[in-house]
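Have a look at the structure below, then the notes.
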Amino acid sequence: MVTYDQIYDVIVVGAGHAGCEAALAAARMACRTMLVTINLDAIALMSCNPSIGGLAKGHLVKEIDALGGEMAKNIDATGIHFRILNAKKGPAVRASRAQADKQLYRIRMKRVLEQQENLDLKQGEVTSLYVENGELRGVELQSGIRYLSKTVVVTTGTFMRGLIHIGLNHYPGGRAGDQPSVGLSDQLKVLGFNVGRLKTGTPARLDARSIDFSKMETQFGDDLPQPFSLSTEKICLPQIPCHIAYTNERTHDIIRSGLDRSPLYSGIIEGVGPRYCPSIEDKVVRYPEKDRHQTFIEPEGLNTTEVYPSGMSTSLPIDIQIAFYRSIAGLERVEIMRPAYAIEYDYVDPIQLHNSLETKVIKNLYHAGQINGTSGYEEAAGQGIIAGINAALRATGREPLVLTRSQAYIGVMIDDLVTLGTQDPYRMFTSRAEYRLLLREDNADLRLREIGHQLGLVSDDEFDLFTKKRRMIAEEMGRIACTRLVNSSSQLTVLANRGIENIQKGTTLEHLLKRPDVCYADLAELDTVSRETPQQIREQVEIQTKYKGYIDRQLQQVEQSKKLETARIPVNLDYASIKSLTTEVREKLSKNRPDTLGQASRIPGITPAAISILAIALKSSSWKDNGQ
Amino acid sequence: MYIRDTIAAVSTPPGNGGIGIIRVSGDNAAAVGNTIFKPVCDGGLVSHRFSFGTICDKATGEKIDEAMAVYMRAPHSYTREDVLELHCHGGWLVVERVLALVLSCGVRLADPGEFTRRAFLNGRIDLIQAEAVMDIIASRSEAALQLAQKQSEGALSVRIEGVRVCLLRALALVEAYIDFPDDDLGETDVAAILVSVGEAQNTITGLLSTFEEGRVMRDGVSVLIVGKPNAGKSSLLNRLLNENRAIVTHIPGTTRDIIEETVNFDGLSVRLLDTAGIRHTDDLVEQEGISRALEKIPQADLVLAVFDASSEFSQEDQLILDALAGRRTVAVLNKTDLQQRFLFPNVDRFAAIVRIIALSGDGIDLLKQTVCKQFLHSGTTDSRELVALSRARHRDALVSAEHCLRQFYSGLSDRNLELLALDLRGALQAVGAVTGQTATDEVLDLIFSSFCIGK
């Protein structure tokens, strides 16, 4: 084994969506960073659906952007179909989604990495961590070279002991067309990590030339595509539509006829699949009463005929795949370009992580993405940027960044993972956030921009733009709170046209805006200053005014929970010695080793009584003595 | 803060009883036993065995009492600590002296409720159980005891869990439409959401209505006896008590001050207050008695208004009725064996009218039943089937859940789903606080088991 002569601050293993954000964050924080991947041509590859965002995922992307990450900029530059979901619902649950030109997405990200200062890209397979006397020193590659570093971020995706299934055939692979990573997960086991098995799947890629789109509904993106990133001014690529098709009873019969050769139903697959993203055979078996299932036929790019039928993932044998896809109206003569497959891979129990994503087992080692049991590009990227930031902070001797549950979806996700672990691939949902009304896409910058700037991930120019916006919002909020209607004849006419009568003279604009039948655009007609307000300021003022009652309610809840959230539990607390806890609670706490009382309170089976006992135990002097 | 020192206290109620028990809990319990207790048989104290012997003051050599002692080694004891119980003769003086002797061994006098607090802190019982145990200790009657036992077994938890499940189901429906807009779920199924919320609401309302009943059984009720002089109030009191507690004469105005006694009506603990007869009088002492009687009226849970059936409805009777305006009142018509001259001006204002003969005891049982019925809706005091909310904490949780559901209903027509979800979450959180559960993952489980979701 040769040892490379320079010592990195941060080495990132894997160049998927987590690895890219981790490497960029570390390098942008001026750390000597190396990114190593099995295949340099597959950087930021969209291995499954060619899209970014969606409910709660769009929120994650905007948070990554506010912190100074790359994902939002990358999708804005390569997106070919943008849509705001839940546009008719409230602002907290509105979410951005876009489809990417998959190849452009990967190529642009690679270019960004290549142009990044302090960042070296290497191709190779990491077969083991280099650990000396229990201390992490770097990584070792299959090619026989050892790279040294202060910290390592592991983002292995589906590659660790990856096993691809198509029908009863299976073969090792990290993803269709790529070699798996062998050896690393065995070493992690030896080091004391709990390694488990998960499964995911992807549909076939179909040839658009063989599809009759006239038999399908067409779905266009929004007329005015809204970018994800605060830094993007305009979406430049041409926009193209998707199509909606449906399965039918015949499709379901064909699928049922192939179940005996399904690796899922014959017990060959042991990994647990995602509950929210079942394969088509799973849907047919579990919902026999449903006579059709919907699929969006999504283009994979501007310059390819490959399309992606969403919701149609399967591990059925290839002959069944051909037959059932062809039973769908519009797909009668469809040609499969790449078959659908399921993949099993190793993940590491995220309970073995701190909130900083550093492992509790090996110091200076960070895990991000699917290795932590998550699924989704956005979830991976959200963890990636935090792991990268914290590895960089450690390498430079600083305290870690931990986002709270009331601060960001990223905070909710990481807290869920490290506190509760996960039984199936974890996906973000807005329902996971107890402070959902506070964590909106529209205020991601207000929540996180300052943090990004302090870390050095957001440039001064970008930050100036933000502080200007923040100031304008505050000024406008203040102005409408003390600007009153004079009930001039022109004002009364405008109100009457809106069907609003009996408004008292002296009513503030703020009060008026609180009414469900009034929006900011109406104010602009009543008062000349409002007319000048830019759109993004209008949006914030309107949301913050209309939802003030609810927002305040949630802020109050945040305040109440602060006591538990900030009560830290010593890392080496000996739960066995707290006799007052029941055996069951002691075991759970010893296994999870929560960092705070707040985390402990979220572990299932930990009763309020147990939390009281723990709080008392922490306060007693004996614990202070043998604490950290 | 929980300090593991050894504590002791008298565990039987104050006063003279058949036996008095001193309980000691903590690491030194056995040492205390070996110091002050001399068993008749050799071999010292054996865990969970009663032994007979004497309690002696070593310093003076004086024998204080003959006693039984039992030692229970941790964790098989009420507090999960080492526990010693000394059962001695119940004279207060003896009990006090034994306690003093125990404390002289370096043991601290326990704070009120400290044994139960230790049982709770040591994981022997959970919070709801701990509260119920405090109720068992404080319960004044059989019915309250049964309620406390029932609650400690978790009957209340079961009902509250039912509410939680309904709320979870409703929330899962709401959340599904929020998180899966592209999943072909169809229109929001408002009807199904309303069914679940309605079911939760009904259970909450039902539970809250039992709160009053629970409180009554735990704390008992106060029943005020009023009436004009010589209507037979004191005779009635004596009948209800089954003893000659009040002085009864034929002289109007005999009772000057308020007489208070506690009695058990078929399981319900009743505090009876006999008062001076209400009339216009120049006697200063009697006047004071009357004003005291009037002062008591607003505090009473129930008033027994006693009328003399043999005399006509008088100005004094009217005075009494005026003073009772708005109070729950049972009219007691006494002396129904004599010639009837009494006519009620307004029958409807009484919760019930009972005819009795206080002197002979006729109608007294019926009156007792009537009193019970006023508080226990089931009409019986058999609490075995009853799940009553007897703790303010439980009531508060349900009231706050109900408040959230009211907001939910009021926002149905014009509020967004995520705001409705906030109300449902608020209700769930309130209910979960009683049993200590959080909901997020259960909501997701429900969504995935109810809807075909996934792209």
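Observations on the model:
- Across every pair of non-identical alpha carbons in the range B:214-373, the mean reciprocal distance, once inverted, gives a Kirkwood radius of 15.6 Å.
- The protein assembly as shown, Cα convex hull volume normalised per residue, Å³: 253
- For q = 0.11, 0.13, 0.20, 0.25 Å⁻¹, Debye-computed log10 I/I(0) when each Cα of the range B:162-227 counts as one equal scatterer: -0.46, -0.54, -0.82, -1.01
- Estimated FRET transfer efficiency when R0 is 22 angstrom, pair A:Glu114-A:Ala30 (beta carbons, to 0.05): 0.75
- Interface residues, the range B:179-205 - accessible area loss of 10 Å² or more versus chain alone, probe 1.4 Å: B:Asp179, B:Phe180, B:Pro181, B:Asp182, B:Asp184
- For B:Thr54, the residues whose modelled amide H falls within less than 5 Å of its own, excluding neighbours fewer than 5 places apart on the same chain, are B:Lys38, B:Val40, B:Ala67.
- Evaluated on the range A:515-580, the Kirkwood hydrodynamic radius is 16.0 Å, with distances taken between all distinct Cα atoms.
- Surface accessible to a 1.4 Å probe, per residue, for the residues of chain A, Å²: 39
- Rounded to the nearest Hz, the phi-derived 3J(HN,Hα) couplings of the range B:325-338 under the Karplus curve 6.51 cos²θ - 1.76 cosθ + 1.60 (θ = phi - 60°) are 3, x, 8, 5, 10, 10, 7, 10, 9, 9, 6, 6, 7, 8, where x marks glycine and proline.
- Contact order relative to length of chain A, as percent, for alpha carbon pairs under 8 angstrom and 6 or more apart: 17
- Relative contact order (%) - criterion: Cα under 8 Å, at least six apart; region: the range A:57-107: 35
- Among the residues of the range A:543-577, those with an accessible-area drop of 30 Å² or more from chain alone to full protein complex, heavy atoms and 1.4 Å probe, are A:Tyr547, A:Tyr550, A:Arg553.
- List of the range A:496-525 residues, accessible area with partners at least 10 Å² below that of the chain alone (1.4 Å probe): A:Pro516
- Of A:Lys57/A:Lys150; A:Lys62/A:Lys468; A:Lys122/A:Lys189; A:Lys199/A:Lys363; A:Lys73/A:Lys469; A:Lys88/A:Lys199, pairs whose Cα-Cα distance is over 24 Å: A:Lys57/A:Lys150; A:Lys122/A:Lys189; A:Lys199/A:Lys363; A:Lys88/A:Lys199
- Rounded Å value of the spacing that divides the Cα centres of the range A:127-172 and the range A:525-592: 36
- Accessible surface, 1.4 Å probe, highest first, among residues B:Ile204, A:Ile451: A:Ile451, B:Ile204
- Remark on A:Tyr8: its backbone amide H falls under 5 Å from those of A:Leu148, A:Ser149, A:Lys150, a criterion applied only to residues 5 or more positions apart or on other chains, H modelled at 1.01 Å from N.
- Computed from backbone phi, the HN-Hα couplings of the range A:105-113 come to 4, 5, 5, 5, 5, 4, 5, 4, 5 Hz, rounded to whole numbers (Karplus: 6.51 cos²θ - 1.76 cosθ + 1.60, θ = phi - 60°; Gly and Pro given as x).
- For the range B:65-125 versus the range B:264-310, the spacing of their alpha-carbon centroids is 43 Å.
- Think of it as helices only: each DSSP H run of n ≥ 4 in the protein assembly as shown is worth -39500 (n - 2.57), and spread over all residues that comes to -12500 deg cm²/dmol at 222 nm.
- Put A:Asp416, B:Asp396 in order of accessible area, highest first, and with a 1.4 Å probe you get B:Asp396, A:Asp416.
- Distant-in-sequence amide H partners of A:Ser181 (H built 1.01 Å from N, under 5 Å): A:Met160, A:Arg161, A:Gly162
- On association of chains B and A, roughly 3900 Å² of accessible area becomes buried (total for both chains; probe 1.4 Å).
- Percent of alpha-carbon pairs separated by more than 16 Å within the range A:1-76: 57
- Split the accessible area of chain A by element, probe 1.4 Å, and carbon with sulfur accounts for 50%.
- Its alpha carbons give the range A:249-348 an Rg and a Dmax of 13.9, 43 Å.
- Test item: A:427-440 mean partner chain Cβ contacts at 10 Å: 4
- Convex hull of Cα atoms in chain A, direction-averaged projection (nm²): 31.9
The values are calculated or read from the model by the stated rules, or taken from the named source; none is laboratory data. Keep in mind that this is a model prediction, so the values were computed, not measured. Cβ: placed from backbone, ideal geometry, glycine included. Neighbour counts: every protein chain shown. To get the accessible areas, we keep the full protein, side chains included, count just its heavy atoms, and leave off ligands, DNA and RNA. Shrake-Rupley method; radii C 1.70, N 1.55, O 1.52, S 1.80 Å.
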